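Let me begin by presenting the structure, written as structure tokens, before commenting on it.
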Protein chains: 2
Amino acid sequence: MKFLSEIPDITFKKPLFCAILGNTLLSTLPGVSGAGSTPENTLLTPVLDAELIEHGVISSYPIKPNTPTGCPTPASITRSMMELCDLQPLFINAGLRHHPTVTCLDVYGDVGEDPRSRDAVPRAQVLFEQGKLIGKFLSKSSDLLVIGESVPGGTTTALCILRALGYEASVSSSFVENPVSRKEEICRVALARISADHITAPMDVVKYTGDPMMPVAAGISSTYTGHLFLAGGTQMLAVCAIIKAMGLNLPSVVTTSYVRDDSTANLEQIARQIGVKILYVDPGFGELGHAGLARYCIGEVKEGMGAGGAMYLAYLLGHSPEEIRAKILSTVNAYS
Amino acid sequence: MKFLSEIPDITFKKPLFCAILGNTLLSTLPGVSGAGSTPENTLLTPVLDAELIEHGVISSYPIKPNTPTGCPTPASITRSMMELCDLQPLFINAGLRHHPTVTCLDVYGDVGEDPRSRDAVPRAQVLFEQGKLIGKFLSKSSDLLVIGESVPGGTTTALCILRALGYEASVSSSFVENPVSRKEEICRVALARISADHITAPMDVVKYTGDPMMPVAAGISSTYTGHLFLAGGTQMLAVCAIIKAMGLNLPSVVTTSYVRDDSTANLEQIARQIGVKILYVDPGFGELGHAGLARYCIGEVKEGMGAGGAMYLAYLLGHSPEEIRAKILSTVNAYS
């Protein structure tokens, strides 16, 4: 396999990697999210991810940067790429339960609520407006922007958004066994609320059933003037669906081949329907001799915290696939 | 009077104005701060200042951008300069009681405590480290940085810091009648704690008796690579005293002539002792025919929210003193 599905014909001088952190209470429902040792602990994951990427260690909690099943977290991969490229990432707090331990650009959003019973993001429109200002601001300091996300439970909000906007989506998961029926059940109830209230405007759909990352990412996308890549799988496709529904220009999406190859999701089909270009990174984790990384290939974790986008960016900055793989391996070995 | 005391010989392409927001509980002691309708309301002032600067109106509270005595707030002046220069300001939340209504770069600091009874900024060292990262980050997006502040009660923490670091300081105030004895009394008790514990390291002095703005500003100053101007009076001199005591390179300070002319403070003397260059803007508010602005000349308000630095920056960007004055007048007239 090629490392990149396609090498884009772009030039840039000032790249920036940023990650949007957010929570949705859906991740606290048993069985929805694998991003945490317990359902309640999933709320803390974005904070720990950001701490690992910025400092290279998690010191605020006695925890290793591995998933409950022993895979290195995507944040470890993103961390290793920031080191390899000597990049300083920017974190954006879209709405978290816990205070981050790193500096964030904070829009002072709230944790996303359970869309089955109430509006998930009541201030979606405000967050979109704040995102627009951030996009303007970042346009002055960079000409290529990769945006990752850390939102446990976010593939379920993505499913709700995609379905509500008319796509026949099935979405990915960080579990090997995608809890499809659990997600479908949540989605069915959320969509019934949307349907009952005759909600169609994109930002109203986000308000009803999205998460706080989505309007911020859409806002940035609407004003950013450089090359923009949303780094993630179905969650970033949901953001693209919102952008498309608002009649705005679509950014590109970059993710790992492991998300594309998830047979329980239909990433490429949704991307085609939206009309968004999607690039894949295949880091070849199966041949590195690391059991935890190899499990990405059999469908565990797959992506997160912009890991795919971070590897993609490292390649664009001139690092070879061999360098990239070696750096990831040495980073995750140091944590073991 | 000349508009600027001195025109610096610098060139720059990408200016940035930023403002550090913070609280100290000292502002809630009756008589310490004039920056709010009641002592408790002073805690809200940085939030309202930032909202005014970003949106041009304060909509989150039913309040006009005037001081309790009817002077236009310094934030109005800063707002008018951002408009004149088409600049997008960046806000940094160093530690506030209330959530801002605008996006901030947030270091997740705490409100400064009363230094008479406990450590004022227990995490001063952490905030300094976060400031260093911000300085690195902003160096990539700008080559000239003006940093203002909004910290009600901050002249009292400045007095404590300057005295603790060995300067024979008396400090300015936003009141016409500077509550000198109140500040002296607070300072005496705070310094007794410092003395009893044999505290001399600069960041420990901040921990004992500073406010959250100070370590963040000092951290930014230590890593920022462009031209740096701290915009404010005695509060920014206190930051310079910390920077000096740490053996780091000193930035310049810019403030209004109204702070220099405050006979209850000794700004120029302290600046000479520290060895910091200080620039003055004399906007000639006495000749604008606006009663509230004219009161700046008789020693009310004087400065705040980087207003002096914002006017200075507007001049450097090619706007004439007449343009600057006219813009300020039209802005504050629109609020009346």
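The values are calculated or read from the model by the stated rules, or taken from the named source; none is laboratory data. Note that the structure is a prediction, hence the values are computed from the model and not measured. We place every Cβ from the backbone using ideal geometry, glycine too, and count neighbours over all the protein chains shown. Surface accessibility is based on the protein's heavy atoms, side chains included, excluding ligands, DNA and RNA. Shrake-Rupley method; radii C 1.70, N 1.55, O 1.52, S 1.80 Å.
A point 7 Å from Cα along Cα→Cβ stands in for B:Arg118, and the other copies hold the same point at 3.1 nm, listed in rising order. Ligands, DNA and RNA left out, the accessible area of segment A:72-211 computed with a 1.4 Å probe is 49% carbon and sulfur.
Measuring nothing but how far apart in sequence close Cα pairs (under 8 Å, 6+ apart) lie, relative to its length, chain B scores a relative contact order of 25 percent. Checked against a 19 Å cut-off, the cross-linked pairs A:Lys13/B:Lys136; A:Lys136/B:Lys140; A:Lys132/B:Lys13 give Cα-Cα distances beyond that limit for A:Lys132/B:Lys13.
Taking chain A as a Gaussian network of alpha-carbon nodes connected by springs under 10 Å, the highest mean-square fluctuation of the residues A:Met214, A:Met82, A:Met311 belongs to A:Met82. Remark on segment B:130-271: Rg and Dmax equal 14.8, 45 Å (Cα only). Classification of segment B:1-136 by its C-alpha gyration tensor yields an oblate form. The axis ratio a/c (a ≥ b ≥ c) is 1.5 or more, and b/c is at least a/b. Scaling the Cα radius of gyration of segment A:69-123 by the globular reference 2.2 N^0.38 Å produces a ratio of 1.52.
Comparing B:Lys302, B:Lys277, B:Lys244 in a Gaussian network model of chain B, where Cα atoms under 10 Å apart are tied by springs, the biggest mean-square fluctuation is seen for B:Lys277. Shape of segment B:223-319 from its Cα gyration tensor (a ≥ b ≥ c, root eigenvalues): rounded if a/c is under 1.5, otherwise prolate when a/b > b/c, or oblate? Oblate. Overall shape: prolate for the protein assembly as shown, with the ratio a/c of the largest to smallest alpha carbon gyration tensor axis at 1.5 or above and a/b above b/c. Put a plus charge on the Cβ of each Lys and Arg, a minus charge on the Cβ of each Asp and Glu, and nothing anywhere else: the dipole of the protein assembly as shown about its Cα centre is then about 180 debye. Take chain A, connect every pair of alpha-carbon atoms lying under 10 Å apart with a spring to form a Gaussian network, then pick out the residue of A:Ala245, A:Ala50, A:Ala158 with the largest mean-square fluctuation. Of A:Ala245, A:Ala50, A:Ala158, the most mobile in the Gaussian network model is A:Ala245. Distance from the Cα centroid of segment B:141-191 to that of segment A:180-228 is 48 Å (rounded to whole angstrom).
Of the residues B:Leu267, A:Ala94, B:Phe229, the one whose Cα sits farthest towards the positive end of the charge dipole of the protein assembly as shown is B:Phe229 (charges of +1 on Lys and Arg Cβ, -1 on Asp and Glu Cβ, taken about the Cα centre).
Measuring from a point 7 Å out along Cα→Cβ, what nm distances, shortest first, does A:Gly166 have to its partners in the other copies? Sorted ascending, the copy-to-copy spacings read 7.3 nm. The gain in end-to-end length when the A:Asp261 to A:Lys277 segment is fully stretched comes to 4.1 nm, 0.36 nm per residue minus the alpha carbon separation. Put the Cα centre of segment A:38-104 next to the Cα centre of segment A:263-336 and the gap is 17 Å.
Computed over the alpha-carbon atoms, segment B:1-54 gives an Rg to Rh ratio of 1.18, Rh here being the Kirkwood radius from the mean inverse distance. Note that segment A:75-158, at 10 °C in a medium of 1.306 mPa s, gets a Stokes-Einstein diffusion coefficient of 107 µm²/s from its Kirkwood radius over C-alpha pairs.
Here the mean projected area of the convex hull built on the C-alpha positions of segment A:290-336 is 3.4 nm².
Ellipticity at 222 nm from helices only: DSSP H runs of n ≥ 4 in chain B, each -39500 (n - 2.57), divided by the residue count, give -13000 deg cm²/dmol. Label point of A:Pro30 (7 Å along Cα→beta-carbon): distances to the other copies' equivalent points are 5.7 nm, sorted ascending.
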